[in-house]
Amino acid sequence: MSYVKPQELATRIIDAGESKVFMSTRDTLIRAYMAGAILALAAAFAVTISVRTGEPLLGAVLFPVGFCILHLLGFDLLTAVFTLVPLAWLDKRPGVSIAALLRNWGLVFIGNFAGALTVAVFMAIYFTYGFSVEPDAVGQAIGQIGEGRTVGYADHGAAGMLTLFLRGVMCNWMVSTGVVGAMMSDSLPGKVIAMWMPITVFFYLGFEHSIVNMFLFPSGLMLGGDFTIGDYLLWNEIPTVLGNLVGGLAFVGLVIYATHGKTAPSRPRPAGLVSVDKPGNLAKSVTVE
């Protein structure tokens, strides 16, 4: 599968973050828009499968098709740039400043939201024949998701907010693992396999993904969900974005950067041990008598 070793992977991640900082405004917005739209379509696809088959696992197993497509096409999700771009700043790449980082995040957020909202409108029309009839079973399920994952958290107060935040953290832990996993291989099958597994985990466990929610909740409002825009922002989108930032950066980006990008010196070997590492041989330690 053309496996890329962790040390080279760390360099690729930093290089990717740097390239996104210097991408033009036009290209950043276009790529973010398409990423949001494709991920929203994948979410609609997965919910449709889950409702019509009665098997949520099947929806979760097939949801990653959207993530794989958008990533292979070079489109950008906010959850990915949360993990990649800060590492270029930490590595002191020339021209990568906090202002440049925030510019990238802001443009990707706008593009993702616009793309996801476009699909939300399209799917709401699709489920209701242009709002002329009541939504079908899938449309009703989307409305219920939006209600349960806004006021459902609010009903638990601070405990609900903590749960929401941690679901956002764990979500981008998995999603960003998929993002960097795609860089671990130079082959198409290797990239897809590395992305597919963690994305399935996040979706089936019901973690909170800020871009998926940019589709689910606006469409839920249009399909009769009993919650408000304020509920959506306060009791989902804002805490989810913060959780996604922490999860991707703390548990994926910084971990790889710290141990593979800036590997600490090895501990001294005990006296009497000599490392033998010749080309073509396995490294081993031998005792000197």
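The values are calculated or read from the model by the stated rules, or taken from the named source; none is laboratory data. Being a predicted model, the structure only gives us computed values, none of them experimental. Cβ: placed from backbone, ideal geometry, glycine included. Neighbour counts: every protein chain shown. The protein model used for the area step is the full one, side chains on, heavy atoms only, and it has no ligands, DNA or RNA in it. Shrake-Rupley method; radii C 1.70, N 1.55, O 1.52, S 1.80 Å.
A few comments on the model shown:
- None of F127, F131 is open to solvent by 60 Å² or more (accessible area, probe 1.4 Å) and over 24 Å from the mean Cα position of the chain (by Cα) except F131.
- Residue within the stretch 226-242 that is open to solvent by less than 60 Å² (accessible area, probe 1.4 Å), under 24 Å from V47 (Cα atoms) and within 13 Å of the chain's Cα centre (by Cα) present: yes
- When the stretch 13-26 is filtered for residues that are open to solvent by 40 Å² or more (accessible area, probe 1.4 Å) and either assigned to a loop (DSSP other than H, G, I, E, B) or over 12 Å from V85 (Cα atoms) (or both), the ones remaining, listed by number, are F22, S24, T25, R26.
- Boolean, G206 is at pLDDT below 95, open to solvent by less than 40 Å² (accessible area, probe 1.4 Å) and not in a strand (DSSP E or B): no
- Residue satisfying all of: in the stretch 27-38; among the β-branched types (V, I, T) and open to solvent by less than 60 Å² (accessible area, probe 1.4 Å); nearest to the chain's Cα centre (by Cα) among these: I38
- Where a residue in the stretch 160-179 is touching a residue at least 24 places away in the same chain (Cβ under 8 Å) and under 23 Å from M195 (Cα atoms) and its partner, wherever it lies, is outside any helix (DSSP H, G or I) and open to solvent by less than 10 Å² (accessible area, probe 1.4 Å), with Cβ under 7 Å and at least six apart: R167/E208; G168/E208; C171/E208; C171/H209; V175/H209
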